1. Considering each residue of segment 218-270, count those that are hydroxyl-bearing (Ser, Thr, Tyr) and modelled with pLDDT under 95, and give that number.
2. Considering only segment 252-266, I want to know if a residue exists there that is touching a Phe, Trp or Tyr at 6+ places or on another chain (Cβ under 7 Å) and more than 23 Å from Glu96 (Cα to Cα).
3. Could you please find all residues in segment 144-176 being of a type outside the set (Val, Ile, Thr) and under 11 Å from the mean Cα position of the chain (by Cα)?
4. How many of the residues making up segment 58-96 are assigned to a helix (DSSP H, G or I), in contact (Cβ under 8 Å) with a residue 60 or more places away in the chain and surrounded by 19 or more Cβ atoms within 10 Å (Cβ to Cβ)?
5. Which of the residues belonging to segment 193-217 are assigned to a loop (DSSP other than H, G, I, E, B) and under 19 Å from the mean Cα position of the chain (by Cα)?
6. Determine, yes or no, whether Val34 is closer than 20 Å to Ala139 by Cβ, surrounded by 17 or more Cβ atoms within 10 Å (Cβ to Cβ) and free of Cβ contacts under 8 Å to residues at least 40 places away in the same chain.
7. What number of residues in segment 218-246 are over 22 Å from Ala74 (Cα atoms) and free of Cβ contacts under 8 Å to residues at least 60 places away in the same chain?
8. Could you tell me how many of the residues in segment 174-190 are hydrophobic (A, V, I, L, M, F, W, C) and under 24 Å from Asp264 (Cβ atoms)?
Amino acid sequence: MPDRTWWGDSAALVAGDSWLASNFAGMASSLVLVETQADGAVRVVTLNRPEKRNALNAEMLTEIQALFTAEPSADERVTVIRAIGKSFCAGVDLKERDTNGMAGSASAIEEMLHSIAMYPLPVIAVVQGDAIAGGNELALHCDLVVASDAARFGMSLAQIGLAPTWFLANKIMEVGGPVFAREMLLIGDPVSSTRMADLGMILRAVPAAELPSDAQVLIDRLAANAPLSLRAMKAVLTRQMQFRDGIEHADVDAMVEAARQSQDAKRGIAARLAGGTASFEGN
């Protein structure tokens, strides 16, 4: 095997790395690649659906959840989530939303994201391109996010007639606060990674050419830390953010579901898939 870091060649990453396709063979599905580095201390999970902007289908949601539900190996210290192609992740695949088991995709993506948030060791998102909707949530459910300054983050659901569930909106409120949460959710336009970093929503945004080396420094730092300390701190931080879990929200859930089942949602999704913009009628 060639001598490579966890990242490999950054130019190949954007183009679609054929080395990854051949050398990850048999380690996971072709859409979610898994490798361990540094004698098992670093696990790398790679989204490999660049032709679909790494949109998450049912297979990917199930596999990622399984990867973060399993107990870490004794040697593991940190997991990295990254992606191949120009986009980090475009969220749930809209073309499969109501087919192939994706009708309940809100629950499926929530379960996957919850498994990442509850994973007992640190998870780093290395975001080389746009992270939109479920892709935005995927990045923000990681413990630390390092992004290219060319990347953007966004929740465009209002622009296609959908609304985030309580669980998904909760994460935006947690990391961004009420003012920014309103901007990201109600307006729906993407936000630059540099602004996200300035607001403290991600760890930092760096020039694209520096992303591999910058992320490597962070990964090495975490991998060198004491594993029992990492587990304890992750548990403390996770528990401290669970105070909202007891808030009643059945009425809000009903409103979100009504939006998901609406004719406006059908119009919005159809228009987005066609590359256009929908006109909404409130039904």
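The values are calculated or read from the model by the stated rules, or taken from the named source; none is laboratory data. Only a predicted model underlies this, so the values are computations on that prediction, with no experimental measurement involved. Every residue, glycine as well, gets a Cβ built from its backbone with ideal geometry; the counts of neighbours run over all protein chains shown.
1. 2
2. Taking every residue of segment 252-266 in turn, at least one turns out to be touching a Phe, Trp or Tyr at 6+ places or on another chain (Cβ under 7 Å) and more than 23 Å from Glu96 (Cα to Cα).
3. Across segment 144-176, the qualifying residue is only Phe153.
4. Selection size over segment 58-96: 1.
5. The first filter runs over segment 193-217 and keeps only residues assigned to a loop (DSSP other than H, G, I, E, B), leaving 199-203, 207.
Scanning segment 193-217 gives Leu199, Gly200, Met201, Ile202, Leu203.
6. no
7. Count: 6.
8. Matching residues across segment 174-190 total 5.
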